[in-house]
Each structure stands twice: as structure tokens, then as C-alpha cells.
Amino acid sequence: MRFSSALLALVGVAAWAAAAAPAHAGPVYSVSAVSGGLFQNGDDSVTLHRPDGVSESGLAGQLSIRLQDTATGIVTTVQAYCTDIFDYLSLPATFTRGLLSDTVTDATKVSQINALITNGNVGVNSGDSSAALQMAIWEIENETSGTYDVTTGAFYASGPANAVALANQDIQNVLSGVWRADPRFTIYQITAPGNQSLSYAQAVPEPATLAIFGTGLVLLVVLRRGRRSACLAAASAA
């Protein structure tokens, strides 16, 4: 794959999807690599063979990025993966958050990628395991033959033998049910015109937590009204 002046990762969705506005447009982020570099847990050089017959070579692996909300200034650090094999990454840049399902419309594939990220991300501790999880995500997302194997099909990848073997094992973990999608996490995708789309998992607040938070607000309002009434009563008595 081609490289810009910044560190680049290989890329994964359809070309038109990168230009399309997300159906669930959310916050706008200023995105940059974390201090210490983009590939904190390692990477490998790989070659992607796209369904359109084009091959791209570059670095593959888990990406450690810093998201700063342009409206609130709040900063979040996440570990993301490329979900766009048709663009390349240039950071820093401004991205808009949506959902992976905005561009990957096959619900089964979204669920399988959820399973890969929520189960596999914690085990990334080397260049091979980092590149493997990324290749597994690309395979699930881009394969159209109905059979998932990183080494063959409409989409396939080549790289270090151990990384390729680990990628296929990650996929088998999902297909066999050893790794399952975690409904507690949403797979968000950040996009920018002409830039690579990146996806990451983020926990969804549990209903019980939201209910407790809501109860707290109601209680706070009641207490404030009670105090105000007491003050008014005291003033009337005076």
C-alpha cells in the first residue's frame, strides 16, 4: 500500500462508503496517534489482495489513537482497527463518529467483527497477534465468497506465517462460538473524506446504571424543591 508522510495502516470498506455521510453521525473528533506512537503493541508488514484485483502493501496492526471531542474538549484514548481497504491513513486529522453498521450493512458481519474486537483486542501483545487481529477483521468484512480464510478467496492477505495462522485462528474462534459478540459494547467507526476509516469498541452504559443516574437526578430536583419550599415557608412566617 502507499504511504503518506504520517505512519499509515492498511485500509477496509467500499470506496463509496468512505465518502458517504454516516447514517448515525455523532461527535466530531480531532484524531492523532497517542504519545509513543501509533502501533503500541506491534505491527507486521502485510500485503492485501482486494476483491477488485488491486494489491496494497503496508503495516497492519492495532492502532492506539487519541480522540479529542471538538465540541467539549474531552479526550479519549482507544485501540482501533482499520475498516477501510481503499484509503490510507493520515494523522492528525478530523473525523466524525458513526457506527460500523453505517457502512458494513450485513448484521452478521458486524456481529462477527464485534466478537473479534471485544475478545481478541485484550490478547494483542506482539506484532504477529496485532497484525493477525487486523487481518481477521479485514477478512470478515471484505470476503464475499462465503468462506473465511485469510489465505484465499475474493479477499486475501499475505504476511508473516505466524500472523496469518493466528488470523485464521481468530476467525475460527468466532465461527465456532468460542468468541461471541458482546452486547455491552458498540462498534463505532470514525470516518473522514479521503482518509482511512477506523473502528473500535466502546462500552454501552447499562440500563441499571442509567436508571440509577435518572433516579439521582429526580431525587436532586425533589431535594432542591423541598429546600426552596422550606425557605419560602420561613419567609412567609416572618
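The values are calculated or read from the model by the stated rules, or taken from the named source; none is laboratory data. Worth saying up front: this structure is predicted, and the values here are computed from it rather than measured. Heads up, the Cβs are rebuilt from the backbone with ideal geometry, glycines too, and the neighbour counts pull from every protein chain shown.
Quick notes on this structure:
Conditions (1) assigned by TED's automatic domain parsing to the domain that holds ALA161; (2) part of a loop (DSSP other than H, G, I, E, B); (3) in contact with a Lys or Arg (Cβ under 8 Å, 6 or more places away or on another chain), marked per residue:
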| site | (1), (2), (3) |
| --- | --- |
| GLY26 | yes, yes, yes |
| SER32 | yes, no, yes |
| GLY36 | yes, yes, no |
| GLY53 | yes, yes, no |
| GLU56 | yes, no, yes |
| LEU59 | yes, no, no |
| SER64 | yes, no, no |
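- Selection status of PRO183, farther than 29 Å from PRO92 by Cβ, touching a strand residue (DSSP E or B) at 6+ places or on another chain (Cβ under 8 Å) and at pLDDT 95 or above: no
- Qualifying residue in region 73-81 (condition: modelled with pLDDT of 95 or more, of a type in the set (Ser, Thr, Tyr) and within 30 Å of TYR148 (Cβ to Cβ)): yes
- For region 75-97, the tally of residues that are not in a loop (DSSP other than H, G, I, E, B) and not polar (S, T, N, Q) stands at 8.
- Checked against the criterion of being over 16 Å from SER197 (Cβ atoms) and at pLDDT 50 or above, region 11-30 contains one or more residues that satisfy it.
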